[in-house]
Amino acid sequence: MQSDEQKLNSEMGNIYTPSELNHEARLHLEAGFGRVWVEGEISNLSRPASGHLYFSLKDEKAQISCALFRSNAYGMSFKPENGMLVQARGRVSLFEARGNYQLIADSLVRSGEGLLRAKFELLKNNLASEGLFAESCKKPLPAFPLRIAVVTSPSGAALRDILNVLQRRWPLATVRVYGVPVQGVEAAPAIVDALIAANRHNWAQVIITGRGGGSLEDLWPFNEETVARAIYASEIPVVSAVGHEIDFSISDFVADLRAPTPSAAAELISPDQRALQQNLSVLRNRLQQRCESMLQQMSQKLDHLAHRLRQQHPGQRLAQHRKMLQQARHRLLLAGARIVPQRQQYLHELGSRRLLQAGKRIVPERRLKLQNLIRTLNAVSPLPTLARGYAIVTDAESGTAVSSVEGIKAKQALVTQLHDGQVHSTVESTNKKTLTTE
């Protein structure tokens, strides 16, 4: 048995300072509970400039201090207020400086949304694992859509926002509205039917589906699996525009494009007509400048070709050649006037020399040839024979030589050629032995 003194000494060995005890208590609290969900009514809400939220959650019998830091408070779908029934998820801890027991929350939802959040995350993970969110499955949107289908409430502000933006930015587009409820149990089946109908009609080039802001429960039809699969199965590109910028739905992940608001969806799918007009104006000016530049270049080229054509024209070429011929003739005359006298004198001198040389060579040859011809002519000439007393008798009319008496007729005129002259006579009578003339 330990004495009282021993017990006192044992207890005194485990003495804590306040900070040590609070530290140990914090470790035990955080390790013992882990993450928990706590539902209660907000009270003592404080919003300091740091952006953190400090409040208490209470029920009829107790309350617990809570802290929601700025990084986790950003993006909430609602604004916390005193008296609001909410569900907070976080870890149980202790503020060591004061020893206050508290809940460090990492998310805050309205009461009833906790289960929906869990269902949201489960469906999101399942569809992502199937590949419904893959970027490779996203269909491109048309650059200039002229036929747009809108699947939303026909009386909601979302449709008015979409139509106003399209009228301002892209009035050329025609809009066909597929009116559906966008909250409640009937909303999801109606949205699915509208998407199927739009694809069956095959009229639209792009589909916008969505609604304005609201609580998670209000937006829940766009988190239904049937709606997600209908969007994925659409052959026409789908733009999801659900709630405000901080709201995310399953349809946002599966759609071909997520728009933060319905108005933003209209802006994302439509070109700005003013920007297009400005671009067209710039392009028109560039085209005009380019055309003017090309026309100037072509005009210069045409002038150049026309000049070349004129130069190559036969009349022009003939005129040029005529001018060249005249110049050549003039040069030739000038050259001739200078060269001809020289050439004539040269030719005269050359001719004289050549003629003298030729005469010296040819005259003896020609004299010898002439002598030979004279001898030959004398050899065959009748003149030597006539000189020896012979005569040649010819008919006076025809000049034909008479070689026989038989060919002579009475009264025929004859010419007798002697060596020193001629005797003209007329035949009186003939016989073979005697020829009588007068």
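The values are calculated or read from the model by the stated rules, or taken from the named source; none is laboratory data. Just so we're clear, the structure is a prediction, and the values are computed from it rather than from any experiment. Quick reminder, even Gly has a Cβ in these numbers, built from the backbone with ideal geometry, and neighbours come from all protein chains shown. Only protein heavy atoms, including side chains, enter the accessible area calculation; ligands, DNA and RNA are left aside. Shrake-Rupley method; radii C 1.70, N 1.55, O 1.52, S 1.80 Å.
Kindly indicate whether any position in region 403-411 is polar (S, T, N, Q), farther than 30 Å from SER429 by Cα and at pLDDT 70 or above. The answer is no, given that none of the residues of region 403-411 is polar (S, T, N, Q), farther than 30 Å from SER429 by Cα and at pLDDT 70 or above. Just to be sure before I move on: is GLN183 of a type outside the set (A, V, I, L, M, F, W, C), open to solvent by 20 Å² or more (accessible area, probe 1.4 Å), touching a Gly at 6+ places or on another chain (Cβ under 8 Å) and closer than 20 Å to VAL254 by Cβ in the structure I sent? Criteria met by GLN183. Against the conditions (1) open to solvent by less than 60 Å² (accessible area, probe 1.4 Å); (2) touching a residue at least 40 places away in the same chain (Cβ under 8 Å), LEU146 satisfies every one except (1). Could you say whether any residue in region 281-292 is surrounded by 10 or more Cβ atoms within 10 Å (Cβ to Cβ) and under 30 Å from ASP161 (Cα atoms)? Scanning region 281-292, I find at least one residue that is surrounded by 10 or more Cβ atoms within 10 Å (Cβ to Cβ) and under 30 Å from ASP161 (Cα atoms), so the answer is yes.
Checked against (1) under 60 Å from the mean Cα position of the chain (by Cα); (2) surrounded by 11 or more Cβ atoms within 10 Å (Cβ to Cβ); (3) over 30 Å from ASP218 (Cα atoms), ALA49 meets all criteria but (2). All conditions in (1) of a type outside the set (A, V, I, L, M); (2) crowded, with 18+ Cβ neighbours inside 10 Å; (3) out of contact with any strand residue (DSSP E or B) (no Cβ under 7 Å at 6 or more places or on another chain); (4) assigned to a helix (DSSP H, G or I) hold for ARG160, with the sole exception of (2). Screening region 212-260 for residues that are of a type in the set (Ser, Thr, Tyr) and closer than 22 Å to LYS79 by Cα and picking the one that is surrounded by the fewest Cβ atoms within 10 Å (Cβ to Cβ) gives SER215. If you take the residues of region 261-272 that are open to solvent by 40 Å² or more (accessible area, probe 1.4 Å) and touching a helix residue (DSSP H, G or I) at 6+ places or on another chain (Cβ under 6 Å), which of them is nearest to THR152 (Cα to Cα)? Among those residues, the one meeting the criterion is GLU267. Out of curiosity, is VAL206 β-branched (Val, Ile, Thr) and either surrounded by fewer than 20 Cβ atoms within 10 Å (Cβ to Cβ) or over 27 Å from PHE78 (Cα atoms) (or both)? Yes, satisfied. Filtered by the rule that a residue be touching a Ser or Thr at 6+ places or on another chain (Cβ under 9 Å) and of a type in the set (S, T, N, Q), region 264-312 gives no residues.
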